[in-house]
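Shown next, in structure tokens, is the structure this report addresses.
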Amino acid sequence: MTLDFFKSTLTQPDPPVDLAGALRALWYDARDDWETAHRIAQDIAGEDGAWVHAYLHRKEGDAGNADYWYRRAGQPVATDSLGSEWDRIATTLLVRGRG
């Protein structure tokens, strides 16, 4: 799946059925459903889930919590726009075939 195709699914009422984990959380976040995105991210073990979790707390404005999750993800603290970070995370997960 490409980033453009992934973004095109945001107009649908539900995420693609085969979309799992971190990408599902990003899908809900892009649909302005932070709570669902956060609930999903909390249940994802590993660095991918931690990275999405960090992004979500950064978006929330909780820098301290975001910093913790960036460390868990093995990622530097993001300083670019939230939209750029969302694209970067989604692209990375799609390229890896994970999420």
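What follows is calculated from the coordinates using simple rules that are stated; it is not laboratory data. On a predicted model such as this, the values are computed, not experimentally measured, just so you know. Note that we place each Cβ from the backbone using ideal geometry, even for glycine, and neighbour counts take in every protein chain shown.
Take the Cα of Asp43, step 7 Å toward its Cβ, do the same at Leu10, and the gap between the two points is 2.3 nm.
Taking the Cα atoms only, what angle lies between the long axis of helix 47-60 and the longest principal axis of the chain, rounded to 10 degrees? For helix 47-60, the angle is close to 80 degrees. Phi-derived couplings, Karplus 6.51 cos²θ - 1.76 cosθ + 1.60 at θ = phi - 60°, listed residue by residue for the range 17-24: 5, 8, 7, 10, x, 4, 5, 5 Hz, with x used for Gly and Pro. Could you point to the label whose value was computed as Cα Rg over 2.2 N^0.38 Å for the structure here, given (i) 1.26; (ii) 0.97; (iii) 1.02? Among (i) 1.26; (ii) 0.97; (iii) 1.02, the one derived from this structure is (ii). Remark: relative contact order (the range 25-95) = 25 percent; criterion is Cα-Cα distance under 8 angstrom and separation of 6 or more residues. Against the longest alpha carbon principal axis of the chain, how many degrees, from 0 to 90 and to the nearest 10, is the axis of helix 63-73 turned? Rounded to the nearest ten degrees, it is 70. Taking the longest Cα principal axis of the chain as reference, the axis of helix 82-96 is set at about 70 degrees.
With the simple spin-label model, which puts each label point 7 Å out from Cα in the Cβ direction, the Arg72 to Thr92 separation comes to 1.5 nm.
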